[in-house]
1. Going through the range 200-232 one residue at a time, which ones are in a loop (DSSP other than H, G, I, E, B) and closer than 16 Å to Y285 by Cβ?
2. Report, by residue number, each residue of the range 200-219 that is over 17 Å from G126 (Cβ atoms) and within 15 Å of the ligand (Cβ to nearest atom).
3. Within the range 218-225, does at least one residue satisfy the condition of being at pLDDT 95 or above and under 24 Å from R25 (Cα atoms)?
4. Considering only the range 41-60, state which residues are in a loop (DSSP other than H, G, I, E, B) and exposed (fewer than 14 other Cβ atoms within 10 Å of the Cβ).
5. Any idea which residue in the range 220-235 is surrounded by the fewest Cβ atoms within 10 Å (Cβ to Cβ), counting only those that are under 17 Å from A298 (Cα atoms) and within 10 Å of the ligand (Cβ to nearest atom)?
6. I'm told S242 meets every condition in (1) more than 24 Å from the chain's Cα centre (by Cα); (2) within 12 Å of the ligand (Cβ to nearest atom) except one. Can you identify the failing condition by its number?
7. When you scan the range 3-40, how many residues do you find that are open to solvent by less than 40 Å² (accessible area, probe 1.4 Å) and not in a helix (DSSP H, G or I)?
8. Output the residues belonging to the range 250-263 that are out of contact with any Lys or Arg (no Cβ under 6 Å at 6 or more places or on another chain) and either more than 11 Å from the ligand (Cβ to nearest atom) or assigned by TED's automatic domain parsing to the domain that holds G126 (or both).
Amino acid sequence: MIQKNHKIYNTFGLKAVAADYVEYRSPSELKKALACAARPFLHVGGGSNLLFAKPLFEGTVFHNSDIDVKELEYTDDSVLIRAGGGVVWDSFVGFCVDMGYYGAENLSLIPGEVGAAAVQNIGAYGVEVKDIIESVECMDTDTGKIRVFSNAECGYGYRTSIFKKPENKKYFVLSVNFRLSTVEKFNLSYGALGTRLKGDVTLDAVREAVICTRREKLPDPEKTGSAGSFFMNPVVSEAVFSSLLEKYPDMPHYAAPEGQVKLSAGWMIDQCGWKGKSMGRAGVYGKQALVLVNLGGATASEILTLARAVVESVKEKFGVELKPEAQIIN
Ligand code: EPU
């Protein structure tokens, strides 16, 4: 069951091999594998948010290949759907749209799998996956016991959850329960989405508009190596934001919890002149400066060198420190 020196797929296109690799389809298979697996452990999804700093992961990499999707129950206006952690995220969105279930459509075409989506709280176009998550079923890999976390227990925030804390890495997501609306309910708060939609607003039309918008701005993971947004949008206090706004009145910004303000990292990187620039074989994507790309054969250290240079520029110009969104392994 444990495979040796297994290549780990990652959308950055970096060379990454796991000393030991386990593909499991059920909780009992995972429990069995855990009994003889060598630490450290790493649980991966679609490899779309990972940067392997070293080519060898000297431990055990686990991947959940439970790809079952099923409706569990209906209420007057909603449906509860259980999806295995290994379900490809966009195929789940496609299923919901085809079935006429509302809530996932704005998250169309985000790379990755259901389990990682619930850890990372993926988001786009005014929606975060936490908005449709009811509960997350995990295995505690220290004890082999199953634990179900309610949405509130997951501690969701912008691109984060309790599962990202070091002490909770022991929880591997087995499956996720989603609550979707069976009555019409759209979120068209993100400007570009509303303006793109002409005519009837339907689930298919929203999915199509999101897919077109993403294709315009983001690289195709099949063609260009990247991890999507490399940095998070920084959240600053109202005071910091006010002084920045005096200097940069056009600065895009969004309200964040507790009176804070979320700034646009892509805009700041762009203002520093990085868009389309490269260092070695690593580049800043020409259509969206928040995305770092592998221009072909880049090493992790080339990408990290570029990332550090970008962070320094933004710090120097705006006094704001960018943090990576991509998870750096090792
Ligand atoms: N902008 C620029 N130049 C750039 C990039 C952006 O001026 O090179 C400006 C845009 O014009 C806009 C603002 O910055 O005014 C925000 O840009 P955008 O709407 O493209 O979104 P983002 O904040 O850069 C976030 C997510 C994306 C998600 C989009 C759309 C993060 C880290 N990224 O990007 O998610 O698709 O919003 O909702 O929050 C991802 O997480 O991998 C990802 C792609």
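1. Result: L218, P219, D220, P221, E222, K223, T224, F230.
2. Selection gives R215, E216, P219.
3. no
4. P55
5. By that ranking, first place goes to G228.
6. (2)
7. Residues meeting the conditions: 14.
8. A255, P257, E258, G259, Q260, V261, listed by residue number.
The values are calculated or read from the model by the stated rules, or taken from the named source; none is laboratory data. As the structure is a computational prediction, the values presented were derived from the model and not from experiment. Cβ coordinates were reconstructed from backbone atoms using ideal geometry, including for glycine residues, and neighbour counts include every protein chain displayed. These area figures cover heavy atoms from the full protein model, side chains too; ligands, DNA and RNA do not enter into them. Shrake-Rupley method; radii C 1.70, N 1.55, O 1.52, S 1.80 Å.
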